[in-house]
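Encoded as structure tokens, the structure appears first; notes follow it.
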Amino acid sequence: MKDYGENPNFFQKWLRNYKVARHKPKIWRLRSPDIAYVKITKVASTSIELTLARHLHVTVNGGAVEDVDPALVKLYSAKYAKHLPLSEYGESERAPYVVSFVRNPLDRLHSSYMDKIADVKNSGGGKNIFWNLDISLDMTFEEFVARVAQIPDEKIDRHLRSQSAFLWDGEKIVADFVGKFENISDDWKKISEQHGLPDLPHKNKSTKSTAVKAPTPYTLESAKMAAKRYKHDIELFSYGDEIDALIQSLSKQRK
């Protein structure tokens with residue numbers, strides 16, 4: 001066993017941070033229909049990947065939809081998806097039609113907290129995947145937001161990274177169609193009808209999907225911090241009105 005000195009966790013933390021920084025967008029590429037899907041975590045990505053795997057299992061291998069389990073999704077992902085930096089996703093790699101889905105950034109952040117922090121702590125047996133970011137399972141949501149606000153995209157876990165980091169190449173959005181989580185049934189229907197894909201299942205438990213509703217989990221301070229942290233997402237994907245309304249509501253409650 002290698003000796004990492006007086007602090008054996010230092011190397012582990014460095015290695016984890018190195019891997020996180022090198023993470024590239026995951027892009028599924030189908031050939032029939034000839035489209036691509038850019039995955040963004042915490043935006044129904046589990047359901048979308050399951051749907052793509054079901055389509056491939058039926059159309060390519062003549063299998064049955066009900067046979068597709070997480071293991072098969074992983075196998076199809078290994079064959080039909082790869083991680084690419086957006087700078088390399090040029091004409092040689094690009095499908096004729098590229099789709100992705102985004103979500104209200106503040107809703108997505110709270111969903112990540114509930115799924116990866118609160119639920120893991122309550123289960124008593126899960127792992128803290130954000131340990132290398134100095135995020136603990138004992139953090140309140142306010143503390144979590146404050147810590148995330150300090151970490152730039154190039155150093156943060158993909159669950160907390162700006163959605164624009166997966167779709168913006170510095171000049172334009174790489175996707176031809178960007179659907180919204182808040183309207184996912186209708187937006188996916190447009191894709192499925194146009195390209196012959198299966199309906200989208202609702203796989204994840206609704207208790208883990210935590211849209212910002214009344215009462216909001218945000219305080220005025222944490223909402224402002226999160227809005228500043230994800231400013232590019234809010235502007236690029238037109239969530240400004242929703243975020244402004246939330247902050248205005250919280251401001252009125254303060255008075």
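The values are calculated or read from the model by the stated rules, or taken from the named source; none is laboratory data. Please read these numbers as outputs of a predicted model, since none were measured by experiment. Cβ sites come from the backbone with ideal geometry, for glycine too, and all protein chains shown count toward neighbours.
Of note:
- Condition broken by VAL178, with the remaining ones in (1) part of a helix (DSSP H, G or I); (2) crowded, with 17+ Cβ neighbours inside 10 Å; (3) of a type outside the set (Ser, Thr, Tyr) satisfied: (1)
- For GLN248, the conditions (1) under 25 Å from ILE129 (Cα atoms); (2) modelled with pLDDT of 95 or more; (3) of a type in the set (S, T, N, Q); (4) loosely packed, with under 15 Cβ neighbours inside 10 Å are fulfilled apart from (1).
- Scanning the range 39-77 for residues that are over 16 Å from LEU197 (Cα atoms) and either assigned to a helix (DSSP H, G or I) or outside the structural domain of LYS189 (by TED's automatic domain parsing) (or both) yields ASP67, PRO70, ALA71, LEU72, LYS74, LEU75, SER77.
- Only one of the listed residues (SER136, SER185, SER112) is under 23 Å from GLU221 (Cβ atoms), of a type in the set (Ser, Thr, Tyr) and either touching a residue at least 60 places away in the same chain (Cβ under 8 Å) or assigned to a helix (DSSP H, G or I) (or both). That residue is SER112.
- Against the conditions (1) under 17 Å from LYS189 (Cα atoms); (2) of a type in the set (A, V, I, L, M); (3) at pLDDT below 80, MET1 satisfies every one except (1).
- When ALA36 is tested against (1) in a loop (DSSP other than H, G, I, E, B); (2) surrounded by 17 or more Cβ atoms within 10 Å (Cβ to Cβ), just one condition goes unmet, and that condition is (1).
- Any hit, the range 144-152, residues being within 18 Å of the chain's Cα centre (by Cα) and assigned to a loop (DSSP other than H, G, I, E, B): yes
- Taking first residues from the range 49-62 that are within 14 Å of LYS79 (Cβ to Cβ) and partners that are among the aromatic types (Phe, Trp, Tyr), the Cβ contacts under 6 Å between residues at least 6 apart in sequence or on separate chains come to LEU52/TRP28; ALA53/TYR76; LEU56/TYR76.
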